[in-house]
């Protein structure tokens with residue numbers, strides 16, 4: 001049943017429709033799930049799940065109006081402050097990103113609650129807040145905020161640690177290049193014909209290149225200016241350097257490489273269609289019966305009893321595994337010997353990397369060398385005992401090791417094999433990082449078009465994939481429990497971000513707005529130039545944010561101070577909404593991580609548990625994980 005009053009509700013319903021739900025607009029006594037605003041009465045059948053979506057949650061908050069728009073939410077939640085050039089103003093993203101992430105969270109929570117209802121639990125009441133969706137995207141900034149860095153996170157298209165990492169004009173467009181290692185730099189110099197720079201002390205290592213980033217960028221820019229975009233991407237990709245064109249969604253669509261499933265949106269107007277962000281995979285033949293029965297006793301959490309293997313580093317795969325753990329799954333992280341490299345990233349809390357802790361909380365660890373026969377044998381044993389694999393290795397890496405989706409599903413037809421990659425399992429095998437995918441998907445072109453290339457300040461490609469994975473895994477498990485049929489869930493970062501650019505259809509995501517520099521920060525106001533002039537006169541300068549807001553709101557205009565990530569984290573609303581959770585690192589030191597954005601539903605999620613040392617859980621997991629039938 002759908003009674004959405006804002007885009008997040010409409011997209012939530014659209015996602016459920018894309019997964020096969022029958023959508024009825026308005027009251028329906030047979031409904032299993034009701035999606036609407038907090039004022040929605042308790043409609044639907046007996047046991048119907050009530051999923052309410054609002055800006056700050058049902059309790060509300062004086063700092064965030066119930067009808068806060070995407071523009072206001074981007075300013076409130078830190079996205080705007082983190083987007084733009086380091087020495088320039090904050091920039092807006094003309095894509096309804098916060099609404100979309102809230103929609104994914106709502107659909108995930110609804111399926112999680114439905115899993116419990118079908119197992120005999122009482123129906124869940126889900127209180128989804130767009131504030132939670134926004135806060136859940138702050139993971140990469142949270143550790144830095146906790147050690148005192150409040151703002152200063154705008155980097156344009158650059159990276160705070162790696163260089164060269166930027167957008168470079170070509171003969172016919174621009175190319176986005178991400179050099180994340182010394183090996184990348186050495187190969188890059190060969191590509192651009194600047195081998196002499198290998199002996200230049202300014203570029204001796206990554207730290208030196210960051211200190212001399214302008215000089216490093218100049219070398220790449222001189223080469224890029226003389227080649228076509230396609231030739232530049234091809235040369236860089238052949239050298240194993242992540243790179244992609246900066247293009248518009250329209251250009252990507254015209255190429256014919258995007259395959260999307262269309263469906264009707266319940267509140268989209270005549271003739272309007274939606275698209276589903278995960279490409280359909282060919283399903284294997286159904287497994288012979290009998291099919292799995294509902295587990296007893298009734299589960300405490302939606303994914304109680306479900307075993308998940310998580311393989312792959314950094315954000316997309318690990319955060320997907322962490323969210324599945326929050327929903328109750330027993331998630332085992334497979335790390336290389338010595339542990340994932342991000343365990344060593346700063347800042348650290350009692351020896352624990354804040355970044356690693358946030359993305360991996362709740363998982364157990366086994367370290368395996370998959371290049372060795374022993375490591376592959378142990379991994380194969382774990383696959384035989386698991387229900388789900390979530391992996392974000394390079395496309396084809398597991399196929400070469402003998403653990404590709406087709407081979408695993410042939411052996412275990414009821415298995416859920418979830419792949420996360422830049423271009424999808426059947427797409428380009430080129431190296432891909434979040435910034436490259438932002439450029440290639442068209443979302444970068446929506447960051448104030450005409451103002452120069454700029455990435456979205458949050459790693460939205462990684463984050464979109466990480467949040468879509470639990471939704472798709474829940475849907476695949478429901479299908480398996482009904483039919484005995486597993487499947488390959490193929491999540492493409494490119495498709496996810498392209499979908500985000502299309503969700504609003506022909507309607508502008510933001511509408512007219514103006515940005516104002518105050519004496520102590522920035523203000524964004526939903527108004528055109530004439531309305532702003534009527535409110536502030538011809539000279540709005542030399543005023544504080546508070547004074548500007550008082551005047552603008554007094555004129556009936558919607559305005560918001562552009563808040564830095566540190567200000568967002570300090571907001572009491574996040575504490576009330578349980579979006580900040582403190583746990584203990586391996587040595588007992590406190591480390592704070594973000595909560596799960598699934599609507600204050602204690603019966604849907606558990607407190608994140610501390611992540612242990614690499615390989616700390618080998619013996620216990622191998623003892624507990626007996627083979628599945």
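The numbers here are math on the coordinates, done by the rules we state, and not lab data. Predicted, not measured: the structure shown is a model, and the values here were computed from it. In this analysis, Cβ positions are derived from the backbone assuming ideal geometry, glycine residues included, and neighbour counts consider all displayed protein chains.
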Taking every DSSP bridge whose two residues both lie in the chain, the antiparallel percent to the nearest 5 is 45 percent
The Cα extents of segment 1-145 along the principal axes, largest first and rounded to whole Å, are 56, 31, 28
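List the equivalent ellipsoid semi-axes of segment 1-83 in whole Å, largest first, each obtained as the square root of 5λ for an eigenvalue λ of the Cα gyration tensor. If you can, show how the numbers build up before the last one.
On the way: eigenvalues 153, 46, 14 Å².
Listed largest to smallest, the semi-axes of segment 1-83 are 28, 15, 8 Å.
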So for R0 = 30 Å, FRET eff. of residue 149-residue 211 from the Cβ-Cβ r, to 0.05, ends up at 0.95
A correct Kirkwood calculation over the Cα atoms of segment 179-241 returns a hydrodynamic radius in Å of 11.9 Å
Rounded to two decimals, the Rg over Rh value of segment 373-442 from Cα coordinates and the Kirkwood Rh reads 1.03
Cα-based Rg and Dmax for segment 435-554, in Å, come out at 21.1, 68
Options (1) 51, 30, 20; (2) 36, 33, 24; (3) 61, 41, 22 for semi-axes √(5λ) of the Cα gyration tensor in Å; the value derived from the coordinates is listed as (2)
Expected sort for 613-626, 554-567, 366-379 on mean C-beta neighbours within 10 Å, highest first, is 554-567, 366-379, 613-626
Quotient of Cα radius of gyration and Kirkwood radius for segment 316-382, i.e. Rg/Rh, equals 1.01
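Please state the equivalent ellipsoid semi-axes for segment 121-179: what are the square roots of 5 times the Cα gyration tensor eigenvalues, largest first, in whole Å? Kindly include the intermediate steps, with their values, before the conclusion.
Values: eigenvalues 258, 72, 19 Å².
After scaling each eigenvalue by five and taking roots: 36, 19, 10 Å.
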For 596-603, 341-348, ranked highest to lowest by mean beta-carbon neighbours within 10 Å, the order is 596-603, 341-348
Relative to the compact-globule estimate 2.2 N^0.38 Å (N residues), the Cα gyration radius of segment 572-629 stands at a ratio of 1.49
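Of all the C-alpha pairs in segment 369-504, what % are more than 19 Å from each other? Mind dumping the intermediate values first?
Working: 5109 of 9180 pairs.
Everything past 19 Å amounts to 56 percent.
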Length-normalised contact order of the chain, Cα under 8 Å, at least 6 apart, in percent, tallies to 20 percent
